[in-house]
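Right, one structure below, let's go through it.
No lab work stands behind these numbers, since they all come straight from the coordinates. Note that the coordinates shown come from a computational prediction; the quantities given were computed from them, not determined experimentally. Please note: Cβ atoms are built from the backbone with ideal geometry, for glycine as well, and neighbour counts cover all protein chains shown.
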Amino acid sequence: MLKITDLSARVAGKDILKGVNLEVNAGEIHAIMGPNGSGKSTLAQVLAGREDYEITGGSVTYEGRDLLAMPAEERARAGLFLGFQYPVEIPGVNNVYLLKAALNAKRKAAGEPEVDAYEFLTLIRQKMKVMHMSESFLTRGVNEGFSGGEKKRNEILQMLVLEPKLAILDETDSGLDIDALKVVAAGVNSLNDPKRAIVLVTHYQRLLDYIVPDRIHVLSGGRIMKSGDRSLAHELERRGYDWVLESQVA
Amino acid sequence: MSSILHPSPLPQSAALRSFAAQWGTRAADPLLPLREQALQRFLKLGLPTTRDETWRHTSLRALAAQTFVDAPCKTRGEIEPNASLALLNKADRAASLLMVNGYPSMPPDGLINGVEVYSLRDVARLDPDTLLRFQEPLSDADQQRWALLNTALYVDGLYLKITSRLPMPLVILHVATAEGAGNIAYPRIIIEATPGSSATIIEHHVAQGEHTPLSNSNTHIAMRHDSQVEHYRVFATGADATHMDSLTIRQDQGSQCKQFTIVLGGGLVRTTLEAHLDNPGASLDSCALLVGHQERHVDCVNLVTHAAPDTRSNQTARAIASDTSRVICNSKVIVNAGAMRAQSQQSCRGLLLSPAAEIDTRPQLEIHADEVKCAHGATTGRLDPNMLFYMLSRGLDRDTAQSLLVYAFLADSLTGMSVASARAAIEIALIAQLPDSQRLRNFR
């Protein structure tokens, strides 16, 4: 589904990604871990199409298409979803407006008819229930005045409504208490099926207690330094990231 | 009245000479000494120039070279305002009062439930002291220049005395209309909210016909203790219209005022708000929504004086400028000595939508008292790239995302409007001026 080859990228004149290689197949859950500043978020943003990040080398194919040639909105409509580490507050734009517009944009691109208001409200109410979100959400501005936890739930809610093929969740677990973490994990797991893939970007092993990855990768210094199965997460938790770096040097 | 006036030296500009000539056509009334004084001061001071503090960004040079005659006096019957100009449906308003070029059409019995309505011409004749009570001291301040001229030359207007709690908004429809170029009108409104009364009053400025006179309008709101007024001034004229609008508010103890200044039309629009929080507990929320569009020039000046302890003011302004438009937003809060525990906030945000557009903001504070809480802030910029990317990453196309963000920037300031019908009508008029208005309509 996703094939990243030797991807390099620069942000504000600084090289951040220095040759990332990664392959994600349908039905898989991957976790990308790594120390602060290793390029995890940059990778997520580059995949979602952030324009002010300069691609300096490599290629990315998504379902056989050249992902890097597609503008952000086209990637979204093609089923790629980025759950933001810091979801933006957009006062004045209603949550429901945005979600409905997003869903309709995707449906339009797929040649499907737009959802009507009633159908949409039914759908969103059902998904809100999964995410334990209150009705007040419907009348509020996008992420406006949301707590950190609410913002993260909202990201997952959007994901559930948009049903992406490839979800990249950038530190969705950070800032969540244990109850919220369980809700978010349940939301993510509900989307897990053989046709989709999920890439989790995370610092901690904690999230992986609730969402079980097939593969774990350690990103450091702009490269994937180590990959393994879920036991790697436990090892990292025990021995720290330095261990990976040292073993590479050795 | 011309014989009484000997301005010396003779006014320099064509406009000033024509204003002096208008004076000659006015009939004497009991306010004559005041009016004459106002005119003399106006002629002496002249039209403001860009050297004057609050006119730095607005040049009246072209205007000064023109000559002006009085816009025609027309009343209901002689002119029927186009139904599409109405901001609110009949069912959504207590009444609609018509002012054509400043001349009011009086309701048959002078009474609307809870409001006494008088023509200023009648009040001047029968009870001039009432008018003098609502007359602000003549001021040489540059932001009061057009108010001086209005005081000298207004012929008629409305005095509304709110005597109870009005459940529905009262609309004053200002229609500007002229048969030729170079007309000027002097609409004048006095609103008195008696103790404990409350009302929503919407002044809606529109134009009809081929030519639009310059409108030098003036509104005074006197709020007695514990009264509540929500006042709107909505400018929705065409690109050829010039507005010089002055609004003064005087607030007694415990009075609460919400004021909305909404510029959605006009070519050159200058609005002034001078509010005086004269007694403890008075509070003012003012909100300006300034839309620069095409070649429009909008200049908004607010001056709020805290003259008593425990007074509160909150001023917000949202300005957008597209094409080659220019929006200026100046606000100032003065806290007088003795106005302890005064609280004030000023927030002005500007959004530039084209490289040739310009927004100038300047919040100011002058504090002469201790124990006050005063804050101010002003920012101007372009659309937030993070917000834009967030929306794109959800699949919205760029145009939709951009217009939604522009709308969101302004919509924030609509939320304080308590009259849902007015808010909806203003929202529709607002959307019509934003890029991609068709798309935005789908989001409402």
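Key figures
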{"quantity": "Number of partner chain Cβ atoms within 10 Å, mean per residue of A:43-54", "calculated": "2"}
{"quantity": "For chain B, the longest site-free run once GluC sites (Glu not before Pro) in DSSP loop states with at most 16 other Cβ atoms within 10 Å are removed", "calculated": "B:79-178"}
{"quantity": "Mean-position separation - Cα centroids, the range A:1-72 and the range B:155-187, in angstrom", "calculated": "62 Å"}
{"quantity": "Chain B: angle of helix B:14-23 to the longest principal axis, Cα-based, in degrees nearest 10", "calculated": "50 degrees"}
{"quantity": "Residue A:243 paired with residue B:75, simple spin-label distance in nm, labels 7 Å along Cα-to-beta-carbon", "calculated": "9.4 nm"}
{"quantity": "Average other protein chain Cβ within 10 Å of Cβ, residues A:75-82", "calculated": "3"}
{"quantity": "Pairwise Cα inverse-distance average, inverted: Kirkwood Rh of the protein assembly as shown (Å)", "calculated": "28.5 Å"}
{"quantity": "Kirkwood Rh, Cα atoms: Rg over Rh of the range A:83-191", "calculated": "0.94"}
{"quantity": "Projected area averaged over orientations for the range A:2-249, convex hull of C-alpha atoms, nm²", "calculated": "13.2 nm²"}
{"quantity": "Efficiency of FRET between residue B:135 and residue B:398 - r from beta-carbon atoms, R0 51 angstrom, step 0.05", "calculated": "0.40"}
{"quantity": "Charge dipole (the range B:2-279, unit charges on Cβ, about Cα centre) - positive-most of B:182, B:221, B:163", "calculated": "B:182"}
{"quantity": "Prolate/oblate/rounded label for the range A:37-111 (Cα gyration tensor, a/c 1.5)", "calculated": "oblate"}
{"quantity": "Cβ-derived FRET efficiency at R0 45 Å, residue B:432 paired with residue A:212, nearest 0.05", "calculated": "0.25"}
{"quantity": "Check: chain B dipole with +1 on Lys, Arg Cβ and -1 on Asp, Glu Cβ, in debye", "calculated": "420 debye"}
{"quantity": "Stretch gain in nm, segment residue A:55-residue A:109, where the contour uses 0.36 nm per residue and the Cα spacing is subtracted", "calculated": "16.8 nm"}
{"quantity": "Peptide-level mean, for A:97-107, of C-beta atoms on other protein chains within 10 Å", "calculated": "4"}
{"quantity": "Among B:381, B:400, B:429 the positive-end extreme of the charge dipole of the range B:373-433 (Cβ point charges)", "calculated": "B:381"}
{"quantity": "Size of electric dipole in the range A:1-157: Cβ of Lys, Arg +1 and of Asp, Glu -1, about Cα centre, debye, nearest 20", "calculated": "300 debye"}
{"quantity": "Net charge dipole size for the protein assembly as shown [Lys, Arg +1 and Asp, Glu -1 on Cβ; Debye, nearest 20]", "calculated": "400 debye"}
{"quantity": "Tilt relative to chain A, helix A:95-109 - C-alpha long axis, 0 to 90 degrees, to 10", "calculated": "80 degrees"}
{"quantity": "Inter-label distance for residue A:139 and residue B:61, nm, one decimal - labels placed 7 Å from Cα along Cα-to-Cβ", "calculated": "5.3 nm"}
{"quantity": "Whether the range A:165-226 is rounded, prolate or oblate, judged on the alpha carbon gyration tensor where a/c under 1.5 counts as rounded", "calculated": "oblate"}
{"quantity": "Dipole-positive endmost among A:208, A:227, A:185 within the range A:171-243 (Cβ charges, Cα centre)", "calculated": "A:227"}
{"quantity": "Net lengthening on full extension, residue A:130/residue A:182 (0.36 nm per residue, minus Cα-Cα)", "calculated": "17.6 nm"}
{"quantity": "Kirkwood estimate for the range B:137-209, i.e. one over the average of 1/r between Cα atoms, Å", "calculated": "14.7 Å"}
{"quantity": "With Cα atoms, 0 to 90° folded angle of helix B:32-45 axis to chain B main axis", "calculated": "60 degrees"}
{"quantity": "Calculated FRET efficiency for the pair residue A:65/residue B:373, C-beta based, R₀ 45 Å, to 0.05", "calculated": "0.20"}
{"quantity": "Column: log10 I(q)/I(0), Debye, Cα scatterers of chain B, q = 0.09 Å⁻¹", "calculated": "-0.56"}
